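Here's the structure we're looking at; comments come further down.
The values are calculated or read from the model by the stated rules, or taken from the named source; none is laboratory data. Note that the structure is a prediction, hence the values are computed from the model and not measured. Here the Cβ positions follow ideal geometry from the backbone for every residue, glycine too, while neighbour counts run over all protein chains shown.
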């Protein structure tokens with residue numbers, strides 16, 4: 001007996017090990033229960049290491065960028081180049097700060113203005129396996145994360161929480177082949193199921209051929225899956241092919257297209273309305289710019305203006321400049337375009353007095369300061385809209401940078 | 001360069017001595033391979049296609065030439081990989097157990113110091129690994145996934161090239177007699 005066991009020892013051990021793992025696997029599959037203890041050990045062991053590596057990488061990058069390169073420039077180029085490098089570095093720093101602030105602002109704006117309760121998290125690793133589309137984020141049960149919660153960014157849905165550990169969570173991305181979520185199209189409210197392809201894009205299944213969907217149209221979460229709150233952008237249609245019994249619809253997921261660094265975990269979902277089909281979609285929110293300051297002429301309000309006072313109040317910077325030059329020319333009895341080359345030009349520094357509107361304030365500027373930005377709505381020129389712009393579910397970001405004074409320069413659309 | 005007098009087959013275990021490593025290397029190298037797979041694809045997406053845990057498993061199984069040692073390291077690496085993936089525990093475990101066992105068995109009869117042999121083995125074990133994993137996914141999990149032959153073959157070549165290079169560096173960690 002001993003001889004027999006010795007002779008087949010290797011194969012016996014192999015079969016035993018495989019059998020043990022098969023039992024482990026069968027236990028998980030049949031009972032749909034996970035062996036949490038092993039995973040918890042592994043994730044808890046790996047997450048701090050991943051965080052440490054990320055910390056070191058960040059530090060090395062900062063050190064290299066902020067010190068070594070600057071030091072080389074200082075030694076090579078002297079004081080002037082040092083000054084130039086300092087300014088360049090400062091500029092880069094401010095750009096980075098701006099980009100970071102914008103990203104954080106977008107996240108905090110979404111967090112603050114969406115009715116859902118969310119927790120910010122950072123991606124610290126990917127799940128093993130070449131075909132798997134799953135990442136680890138640095139928030140777990142300690143932060144109130146639970147299995148099945150939705151994970152989003154301001155651009156759209158990212159995935160859902162597949163497993164939770166004390167300090168980390170495993171998030172299944174929308175692009176994974178086993179991911180599924182209920183979605184509804186923007187225009188005709190066609191319902192379907194968003195599924196990952198296992199690569200970079202997704203598809204929407206179960207849309208009958210008679211339903212009309214178009215390339216470029218957006219899909220939003222429908223809330224049917226009870227995971228994602230209704231009204232979150234899911235992705236834009238890139239291709240629609242007829243099929244039987246269902247159409248083949250390919251979708252470019254919007255939440256993952258810019259890469260994943262910071263995400264929001266939806267702790268408590270609240271449904272929102274699907275944006276109007278006429279809007280341009282989540283990729284191009286349009287803000288209603290406040291009207292530029294008006295420069296009315298007391299004697300002839302419509303003088304120099306092709307369309308009268310309304311156009312004066314809503315003209316561009318070029319329109320206002322043109323009107324100012326015309327006033328200067330009129331004051332000096334100069335007619336533009338008639339003098340020969342070399343003749344005396346008018347004094348453009350001449351101050352032409354303008355009457356102050358009653359009350360001492362600029363009504364257009366007041367309107368400019370009070371006009372709310374509108375996201376997701378149709379492009380509307382300020383001042384020409386007969387009715388106030390409709391409010392949508394996306395409110396102006398909290399803590400957004402204040403708009404420049406309307407009396408000094410035309411307000412620009414806020415950064416996205 | 002002389003690789004066992006250019007012989008690919010060895011007659012007995014004496015002709016190719018068993019390589020030995022320090023214990024911490026057997027722990028640290030697979031751990032580093034798993035961490036690499038967890039962390040690096042965050043910055044370089046294409047690195048997700050490198051199966052470093054598999055390459056490390058194959059290496060230790062080949063050079064140690066012990067089937068029980070090979071299947072043990074395969075099972076441990078596989079289970080560790082499972083615990084950091086979305087799969088049920090055991091998928092990578094069973095796959096790498098088989099790979100470790102077969103690699104060690106092959107290591108007893110082939111000159112695994114030869115680069116060509118290493119290249120072929122790296123390719124063979126990658127394809128075997130993917131095929132067994134696919135079989136388990138379909139058979140045990142009931143997922144209707146297709147086996148992408150062309151993609152697997154291309155990635156097999158890529159992993160084999162990386163394996164040969166990595167094996168060269170891992171050789172330097174051997175304990176010299």
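With the structure loaded, tell me whether residue A:193 is without any contact (Cβ under 8 Å) to a residue 60 or more places away in the chain, in a strand (DSSP E or B) and within 20 Å of residue B:143 (Cβ to Cβ) or whether it fails that test.
Details: without any contact (Cβ under 8 Å) to a residue 60 or more places away in the chain: yes; in a strand (DSSP E or B): yes; within 20 Å of residue B:143 (Cβ to Cβ): yes.
Considered against the rule, which asks whether it is without any contact (Cβ under 8 Å) to a residue 60 or more places away in the chain, in a strand (DSSP E or B) and within 20 Å of residue B:143 (Cβ to Cβ), residue A:193 comes out as yes.
For the stretch B:55-68, what are the residues that are more than 10 Å from every other protein chain (Cβ to nearest Cβ) and part of a helix (DSSP H, G or I)? Even if it seems obvious, please write down each step before you answer.
From the stretch B:55-68, those more than 10 Å from every other protein chain (Cβ to nearest Cβ) are B:55-65; that's our starting set.
B:55, B:56, B:57, B:58, B:59, B:60, B:61, B:62, B:63, B:64, listed by residue number.
Within the stretch A:1-15, which residues are at pLDDT below 85 and surrounded by 11 or more Cβ atoms within 10 Å (Cβ to Cβ)? Break it down into steps so the answer makes sense when it comes.
Initial filter on the stretch A:1-15 (at pLDDT below 85): A:1-8.
Passing the criteria: only A:8.
Assuming residue A:171 fulfils every condition listed in (1) within 12 Å of chain B (Cβ to nearest Cβ); (2) crowded, with 23+ Cβ neighbours inside 10 Å; (3) modelled with pLDDT under 90 apart from one, which condition is it?
Failing condition for residue A:171: (3).
Considering only residues that are over 17 Å from the mean Cα position of the chain (by Cα), crowded, with 24+ Cβ neighbours inside 10 Å and outside any loop (DSSP other than H, G, I, E, B), which ones fall in the stretch A:215-265?
A:249, A:251
Please indicate, with yes or no, whether at least one residue in the stretch B:85-95 is more than 10 Å from chain A (Cβ to nearest Cβ), under 21 Å from residue A:23 (Cβ atoms) and either at pLDDT 90 or above or out of contact with any strand residue (DSSP E or B) (no Cβ under 8 Å at 6 or more places or on another chain) (or both).
no
So is residue B:28 more than 10 Å from every other protein chain (Cβ to nearest Cβ) and under 19 Å from residue A:48 (Cα atoms) or not?
yes
For (1) more than 12 Å from every other protein chain (Cβ to nearest Cβ); (2) at pLDDT below 90; (3) over 30 Å from residue A:207 (Cα atoms); (4) in a loop (DSSP other than H, G, I, E, B), each residue gets a yes or a no:
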residue: A:131; (1), (2), (3), (4): no, yes, no, yes
residue: A:158; (1), (2), (3), (4): yes, no, no, no
residue: A:161; (1), (2), (3), (4): no, no, no, no
residue: A:167; (1), (2), (3), (4): yes, yes, yes, yes
residue: A:181; (1), (2), (3), (4): yes, no, no, no
residue: A:188; (1), (2), (3), (4): yes, yes, no, yes
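Please state which of the following conditions residue A:68 fails to meet, knowing it meets all the rest: (1) within 14 Å of another protein chain (Cβ to nearest Cβ); (2) at pLDDT below 75.
Result: residue A:68 passes all but (1).
Just one of (1) surrounded by fewer than 24 Cβ atoms within 10 Å (Cβ to Cβ); (2) without any contact (Cβ under 8 Å) to a residue 24 or more places away in the chain; (3) within 10 Å of chain A (Cβ to nearest Cβ) trips up residue B:44, so point out which.
Of (1) surrounded by fewer than 24 Cβ atoms within 10 Å (Cβ to Cβ); (2) without any contact (Cβ under 8 Å) to a residue 24 or more places away in the chain; (3) within 10 Å of chain A (Cβ to nearest Cβ), only one is false for residue B:44: (3).
Name the residues in the stretch B:51-71 that are surrounded by 22 or more Cβ atoms within 10 Å (Cβ to Cβ) and farther than 18 Å from residue B:171 by Cα, would you?
Once the filter is applied, which keeps residues that are surrounded by 22 or more Cβ atoms within 10 Å (Cβ to Cβ) and farther than 18 Å from residue B:171 by Cα, the stretch B:51-71 yields B:51, B:67, B:71.
Could you go through the stretch A:204-224 and let me know if any residue there is in contact with a strand residue (DSSP E or B) (Cβ under 7 Å, 6 or more places away or on another chain) and within 14 Å of chain B (Cβ to nearest Cβ).
yes
For the stretch B:119-147, give me each residue that is at the interface with chain A (Cβ under 9 Å from one of its Cβ atoms) and farther than 13 Å from residue A:178 by Cα.
Answer for the stretch B:119-147, where residues must be at the interface with chain A (Cβ under 9 Å from one of its Cβ atoms) and farther than 13 Å from residue A:178 by Cα: B:130, B:133, B:136, B:140.
I'm checking my understanding of the structure. Among residues of the stretch B:82-98 that are under 11 Å from residue A:38 (Cα atoms) and in a helix (DSSP H, G or I), which one is nearest to the chain's Cα centre (by Cα)?
Looking at the filtered set, the residue picked out is B:82.
Kindly list, by first and then second residue, each pair from a residue in the stretch A:21-35 that is more than 9 Å from chain B (Cβ to nearest Cβ) and modelled with pLDDT under 75 to a residue that is surrounded by 10 or more Cβ atoms within 10 Å (Cβ to Cβ) and assigned to a helix (DSSP H, G or I), limited to pairs with Cβ atoms under 6 Å and residues at least 6 apart or on different chains.
Listed by first residue and then by second, the contacts come to nothing, as the list is empty.
Run residue A:140 past the list (1) more than 14 Å from chain B (Cβ to nearest Cβ); (2) at pLDDT 65 or above; (3) surrounded by fewer than 20 Cβ atoms within 10 Å (Cβ to Cβ) and report the number of the one that doesn't hold.
Every listed condition holds for residue A:140 apart from (3).
Return yes or no: is residue B:101 within 7 Å of another protein chain (Cβ to nearest Cβ), in a helix (DSSP H, G or I), within 15 Å of residue B:124 (Cα to Cα) and touching a residue at least 12 places away in the same chain (Cβ under 8 Å)?
Against the criterion (within 7 Å of another protein chain (Cβ to nearest Cβ), in a helix (DSSP H, G or I), within 15 Å of residue B:124 (Cα to Cα) and touching a residue at least 12 places away in the same chain (Cβ under 8 Å)), residue B:101 qualifies.
Looking at residue A:18, is it modelled with pLDDT of 80 or more, surrounded by 13 or more Cβ atoms within 10 Å (Cβ to Cβ) and within 10 Å of chain B (Cβ to nearest Cβ)?
yes
Among the numbered criteria (1) part of a loop (DSSP other than H, G, I, E, B); (2) more than 18 Å from residue A:150 (Cα to Cα); (3) touching a residue at least 40 places away in the same chain (Cβ under 8 Å), which one does residue A:199 miss?
(3)
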